[in-house]
Structure formats: structure tokens, C-alpha cells
Amino acid sequence: MPVNDTLATYSDWTYGAAALIYVFAMVCYAVEQAFSRAAKKSEQARELVGAGAPVTTPRIGIIAEAPRRSRPERFGRMAVALTVLGAVLHLSSLVLRGVATGRAPWGNMYEYGAATMFVAVVTWLVLMRRFDVRRLGAFVLTPVVILMFLGGTVLYTEAAPVQPALQSYWLVVHVSAAIISSGLFLVPGVISVLYLVKVRNEANPARFARIGPKLSDSDTLDRLAYRTTIFAFPIYTFGIICGAIWAEAAWGRFWGWDPKETVAFVAWVVYAGYLHSRATAGWRGTRAAVINSTGFAMIVFNLFFINLVISGLHSYA
């Protein structure tokens, strides 16, 4: 099927627009995170000043004026709106790329990274609706913006049909599972690092004095990382199993200890150890966060270093 160059160009434009909007959202998250503590103190001061004031009951038919939002909160809400807009453009970019090439839009490193970052952003939006962690948005979007910049520059690939080795329905099943799980793992990986920062700050307030006190409490960070990881792990396991089945059909063996297969298995063992240690030994806190961060480091290592530096059967990606 010939490539539709017009749609491919539109895909590139929407990708760049999404990355730029994520930058603006990251700045707004950073503003809220930087000034929210001062805003909270000012609100408490106003409450204390008005504590002795007489309480007046509004007359019937008069609507009470809603409390004004603080400036940092307005920046936070603006950041969420920008994140949603960026996600819409990001999804449009993936759809346009798929329609332009007539295949699943994850046939090379550029497309794979774009789809993975989209899953990470959607995961973050879902978590913000369930947990009060909006002020962490700058930290979550930072790796997303960096990876999208690298994808759009260093790893960018022109829209084209995939190589014959990838022309299989397993490209949809196996790679989509890897994309979803990798995007999901990004969020708890960042949160586990923030947990370590928070714990270090609690033990020694001089460390990370500007960041630590403004992060969510350590228990929330630990619980959030665990819940996201436990959701992503079965999808990652399914992706590895599908990859083995595809390898048997394409190369005549289920497992050949190819570098990418090996590192993927090591990452699986790390995450399995993380979940098992919490379920059986009750490992929480610092030890669990270190294991979780190590697992995410293995995912990133497998995505970039193995595909781009080490020669193997997956190097064509």
C-alpha cells in the first residue's frame, strides 16, 4: 500500500504540536508545584483572620459567591487542560500515521516511542482523577517531553511500510502489549524516584529542601507506584509470551536469548520480585521503591540501548 504523504505530514505536525503543548503543561505544573505551599499558608492565614467574624446567613434567592481559586491552583487546572489537549493531538498523530501507512502505527522506534509516551500521558490523566497528585505533573511530563524530543529528532523515521519480518498480526498484539506496559511503567518509575527523594528529605530536611516538602506524602507515593505497577505487570507478561510465540513462527524457536529478549526477561524478574516481595515479605518503602526504579531503568535500557547500540535480531527496529 502506498504511503499517503499528506496524512504523514499532518501526523508529524500534530506530533510536534503535542510535544510543544506538553512543554507548556509541564511549565504550568511546575508553577503550581513551586508556589502551592505559599498559597496554602496564605489561605490558612485568611481563615484565622476571619475566625472571629460573625457568620451571616445569605438571604433566600441570593447565590453565595464561590471561593476564588488561588493562582497556583489556576495554573494547575490550566496544566491539566493543556495535558488533555496535548493527548488529543498526540492521539491524532498516531491515527494519522496509521492511516497514512495502512498499518499499526508502531513499526519503528519513532512510532513505538510516540505510542508509549501517549500511554504514559493517558495513565497520568487517569491517576490525577483518582489521587490528589496533580502537583507531580512536572516530574511525570519531563521524561515524556525528553523522549518525545529524542523521538522527533534523533529517532525520527519517514512514514513507510514495515519490513517483511514485521508484516504480521503479531505486530499488533505483541508490540501493543509492550507499548501499553512500558507507558504504564513510566509513571510508577518516576513516582518511585520521587518517593526516594521524599524519604531522604524527611530523614534530613537539608536534602532536597526545595522539592521534598512539596511532594505528596510518602505513603501516597508508595501506594500509587504499587497500584500502577500491579496493573501493568500482567500486560507486560502477556507481551513477552506473545513475543515468544511470534519468535517461534518467524525464527523457529520460542526463545533464543537475543539481547532484547534477555533484558526483557531480566526486567520481568525485577518487577516480579517487586510485587512478590510486597505480597509475601511485606517490603514497602525504600526497598520497594529502589526495586521499582531499577525495573523501569531496565525498560528504558531495553528500549534504547539494546535497539540502537547492540546488534541482535531486534536491531531492525
Which of the residues belonging to segment 1-21 are under 14 Å from residue 113 (Cβ atoms) and touching a His at 6+ places or on another chain (Cβ under 8 Å)?
15, 18
Report whether or not residue 155 is outside the structural domain of residue 272 (by TED's automatic domain parsing), among the hydrophobic types (A, V, I, L, M, F, W, C) and under 18 Å from residue 106 (Cα atoms).
yes
Scan 278, 207 and give me the residue that is in a loop (DSSP other than H, G, I, E, B) and not assigned by TED's automatic domain parsing to the domain that holds residue 139.
207
Can you pull out every residue in segment 211-220 that is in a helix (DSSP H, G or I) and either under 15 Å from the mean Cα position of the chain (by Cα) or exposed (fewer than 15 other Cβ atoms within 10 Å of the Cβ) (or both)?
213, 219
What about residue 197, is it in contact with a Phe, Trp or Tyr (Cβ under 7 Å, 6 or more places away or on another chain) and buried (at least 18 other Cβ atoms within 10 Å of the Cβ)?
yes
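The values are calculated or read from the model by the stated rules, or taken from the named source; none is laboratory data. These numbers were taken from a predicted model, which means no experiment stands behind them. Positions of Cβ are backbone-derived with ideal geometry, glycine not excepted, and every protein chain shown enters the neighbour counts.
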